[in-house]
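Remarks on the structure that follows.
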Amino acid sequence: MPKLTERERLAKLEADQRALAQEADRVRKTVRAGYGQLVADLAIETLSEREFRELIGHAIRVGGAASIAALKALPPALSSTKISPERRPSDEHGQAARSRPASGQDAASAGDGPGR
């Protein structure tokens, strides 16, 4: 078998590198799909999408063991029902939040009073 030139050797190495990168992407997607199936069995609907993304992002950032230790150190939740920060309490009852002008004595500053 003839010896490869440096150019041919480089081309082969680059092709092998591309094939390995594609295989790594396929395996990464398979692993992530497995985690996605695990999440499907959890009651994640109690979290907003933002909270879920933030929670998972921080857990990945600091590592699994550190995340678990930090979460286990927290006191138990008082209630499993919670109002999402994106929703106002008035939204729970189907009413729009009422806005009434502040009286002079209830105003936070002089500019907050009625007619000003």
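Structure values in brief
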| read-out | value |
| --- | --- |
| Residue list for region 2-41, restricted to those being surrounded by fewer than 10 Cβ atoms within 10 Å (Cβ to Cβ), part of a loop (DSSP other than H, G, I, E, B) and of a type outside the set (K, R) | P2, T5, D41 |
| Among residues of region 2-51, those that are within 30 Å of A77 (Cα to Cα) and β-branched (V, I, T), counted | 3 |
| Any hit, region 37-56, residues being touching a His at 6+ places or on another chain (Cβ under 8 Å) and at pLDDT 90 or above | no |
| Residue ID - surrounded by the fewest Cβ atoms within 10 Å (Cβ to Cβ), chosen from residues in region 57-87 that are at pLDDT below 70 and not hydrophobic (A, V, I, L, M, F, W, C) | S79 |
| The lone exception for S90 - which of (1) assigned to a loop (DSSP other than H, G, I, E, B); (2) modelled with pLDDT under 90 it fails | (1) |
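The values are calculated or read from the model by the stated rules, or taken from the named source; none is laboratory data. Since we're looking at a predicted model, the values are computed, not measured. Positions of Cβ are backbone-derived with ideal geometry, glycine not excepted, and every protein chain shown enters the neighbour counts.
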